[in-house]
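The values are calculated or read from the model by the stated rules, or taken from the named source; none is laboratory data. Everything numeric in this text was worked out from a predicted model, so none of it was measured. Here Cβ is always computed from backbone atoms with ideal geometry, including for glycine, and neighbour counts include all displayed protein chains.
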Amino acid sequence: MAYIVENKICQNCKKYFTIEPNDFGFYEKMGVLPPKLCPECRSQLRLIFRNERFLYKRVCDNCKKNTISMFSANKTYPVWCHKCWRSDDLQGKDYALEYNPKKSFFEQFNELWQKVPKPALVHMNSVNSEYLNHTADTKNCYMIMESSNNENCTNCYWIQLSKDLTDCSFTNQVELSYEVDDCYDCHSLRWSKGCYNCLDSFFLLDCRGCTSCLGCINLREQKYHIFNKPYTKEEYEKKLKSFKLDTYSGVESFKKEFADFIKDKPRKFAEITNAVNSTGNYMKNVRNNKHCFHSYDAEDNAYSIHVWREAKNCMDCNTAGRTAELIYNSLNIGMQCANVICSYYCWESNFMEYCLNCPNSNNCFGCAGLIQGSYCILNKQYTKEEYEKLRVEIIEKMKKEGIYGEFFPKEFAPLGYNESSVMDEFPLNKEEALKQGFKWEDTSRGTFGKETIDWKNFPDSILELPKDFDVNKEVFVCIECEKNYRIITDELIFYKRMNIPIPRNCPECRHTRRFKNRGPNKLWHRKCMKGGCKNKFETPYSPDRSEIIFCEKCYQQEVY
Ligand SMILES: [Zn+2]
Ligand SMILES: [Zn+2]
Ligand SMILES: [Zn+2]
Ligand SMILES: [Zn+2]
């Protein structure tokens, strides 16, 4: 069947959006109705179902022990600690409902969803690690979110196959690094972004194959460069020392100097490398990715964020990878997954539709809190034949109602808007969120005014910390939001090893700053700013941004 581009008005924000022929092909393949919401509103609706980073103390509703949870203690539904939720105590089928064709599917799902226990945290294969959420294969880590295969990392978000990191995000195979974002195959980097194969350097932006460099941008295969100028090894070492990057004041003043240096340097229209027929930002080794952000080793995906490592034919996904194929309108699907529609946290699961928290399952429809389920609808067990018959019946009814392929209604979200991942992408204040029909969580996170540290009298250099400084006894205060925070022993050991000052803002403010620095997951049509060049592209740099944006060809002529 031949499709044409269709312009539609989003039923939520009333803006125009287009459905391309390829999109229609995908919807047909998945058997879902074309969406009535624009890609952004679709994404917003999904993201309110996931809390990645905000953790609370609460009691497990099964073993009654204290635990850490992504759900605050005042929530009305049962929450079980990670251990209980993954034990035989959880019998998802005990909550089964008999499907009633006279009632709406969503209404019945919500009845199940409200009573089935939710996992306090989502992680697997974790060794000697605390405060993990949406992680797998983690060893000796602390406060790690949306990550897998990492060791000895603290306060990181979306890192893979990495080791000895603190305050990093979006890294792949990076080691011994601090405040690094969007880096691949690097070692010993500090305050750097968009680098591949770099070593032992500070303040690098979009560099490749550089070693022992400081404050450089767009540099290729160089050594001993400062502000893109070459030095001898001895000169470099002397100058590096003179910037005093072991002190808080030295780092802050270098940040300003570097920001000034890069101001008039051209940027590539998007951070995409080896991307064939693809649009988006932060992509590496991808093909036919449309409107994707943070994607690598993936192909044929669209309107998705974090689709990686053999993600194929994923549309409208937030985090799909480690082999994920034919996934639609879902979050956190991966590890040998295929054919998943409108679901969340179904790892190692196949042929799943409208399922939340159902890992290691297959052929389930409208299930929740079910592990190793098969041929279940609303958590009730059916034979294969019964399942297939009833599934078709429900889908037919949902299609008649025009909702098959739509994510769950926003009222079902188990979280406040302000504690879900949506805040990174679509921030709203309480008033706006409530007005738009979202929930809000008023439980306070953290304390204020309990600090034992006074920054005015705190040593400027990490080398000047008193010998008897016991970090476990100290409560720090964020200079941005004034919230208290702690620093764990391993973190302090890391700062000392790396010769970097203790951060003076809380982990949340550090994350937010790195996230903002990445720019929005949006694209604008613009043209190359190099004189005489007429090349056009889709770029995450909005027209009012001050950066100089070049097309691929003009950018390549600028790199050294
Ligand atoms: Zn919209
Ligand atoms: Zn428990
Ligand atoms: Zn803060
Ligand atoms: Zn150009």
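Figures for the structure shown
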| item | result |
| --- | --- |
| Scan of the range 146-177 for residues that are among the polar types (S, T, N, Q) and at positive phi, ordered by number | Asn149, Asn152, Asn155, Gln173 |
| Top-ranked residue in the range 442-462 [being loosely packed, with under 12 Cβ neighbours inside 10 Å and modelled with pLDDT of 95 or more; ranked as nearest to Glu411 (Cα to Cα)] | Asp442 |
| Search result, residues across the range 17-31 that are among the aromatic types (Phe, Trp, Tyr) and farther than 18 Å from Thr279 by Cα | Phe24, Tyr27 |
| Unmet criterion (only one of (1) away from ligand 3 (no atom under 16 Å from the Cβ); (2) within 30 Å of Glu552 (Cα to Cα); (3) polar (S, T, N, Q); (4) surrounded by fewer than 12 Cβ atoms within 10 Å (Cβ to Cβ)) for Asn517 | (1) |
| Every pair of residues 6+ apart whose Cβ atoms lie under 6 Å, when the first sits in the range 224-239 and is in contact (Cβ under 8 Å) with a residue 12 or more places away in the chain while the second is of a type in the set (D, E, K, R) and surrounded by fewer than 12 Cβ atoms within 10 Å (Cβ to Cβ) | Tyr224/Lys233 |
| Output for the range 492-512, where each listed residue is in a helix (DSSP H, G or I) and either away from ligand 3 (no atom under 16 Å from the Cβ) or surrounded by fewer than 14 Cβ atoms within 10 Å (Cβ to Cβ) (or both) | Leu492, Ile493, Phe494, Tyr495, Lys496, Arg497, Met498 |
| Close pairs (8 angstrom Cβ cut-off, 6 or more residues apart or separate chains): among the acidic types (Asp, Glu) in the range 142-167, assigned to a loop (DSSP other than H, G, I, E, B) and modelled with pLDDT of 95 or more anywhere | Glu146/Glu52; Glu151/Asn140; Glu151/Cys141; Glu151/Ser162; Asp167/Pro503 |
| Restricting the range 425-441 to residues that are in a loop (DSSP other than H, G, I, E, B) and in contact (Cβ under 8 Å) with a residue 24 or more places away in the chain, the residue that is surrounded by the most Cβ atoms within 10 Å (Cβ to Cβ) | Phe438 |
| Among (1) within 16 Å of ligand 4 (Cβ to nearest atom); (2) within 30 Å of Cys38 (Cα to Cα), the one test that Lys522 misses | (1) |
| Selection count, the range 535-550, where residues are more than 10 Å from Arg267 (Cβ to Cβ) and either buried (at least 16 other Cβ atoms within 10 Å of the Cβ) or near ligand 4 (Cβ under 8 Å from one of its atoms) (or both) | 4 |
| So Lys103, is it more than 16 Å from ligand 1 (Cβ to nearest atom) and over 18 Å from Pro414 (Cα atoms) | yes |
| Filter result (part of a strand (DSSP E or B) and among the acidic types (Asp, Glu)) within the range 525-560 | Glu538 |
| All strands (runs of 3 or more DSSP E) inside the range 3-108 with 3 or more residues being in contact (Cβ under 8 Å) with a residue 40 or more places away in the chain and away from ligand 4 (no atom under 16 Å from the Cβ) | 66-69 |
| Yes/no for Leu523 being within 16 Å of ligand 1 (Cβ to nearest atom), surrounded by 15 or more Cβ atoms within 10 Å (Cβ to Cβ) and modelled with pLDDT of 95 or more | yes |
| Residues within the range 47-100 that are farther than 19 Å from Phe408 by Cβ, within 16 Å of ligand 2 (Cβ to nearest atom) and of a type in the set (D, E, K, R), tallied | 9 |
| Lone qualifier among Lys75, Lys14, Lys57, Lys29 - being exposed (fewer than 14 other Cβ atoms within 10 Å of the Cβ), under 25 Å from the mean Cα position of the chain (by Cα) and of a type outside the set (A, V, I, L, M, F, W, C) | Lys57 |
| Selection within the range 354-408 - in contact with a Cys (Cβ under 6 Å, 6 or more places away or on another chain) and either under 17 Å from Glu111 (Cα atoms) or in a strand (DSSP E or B) (or both) | Tyr354, Cys355, Cys358, Cys364, Cys367, Leu370, Cys376, Asn379, Phe407 |
| Verdict on Ser147 being farther than 19 Å from Trp308 by Cβ and small (Gly, Ala, Ser) | no |
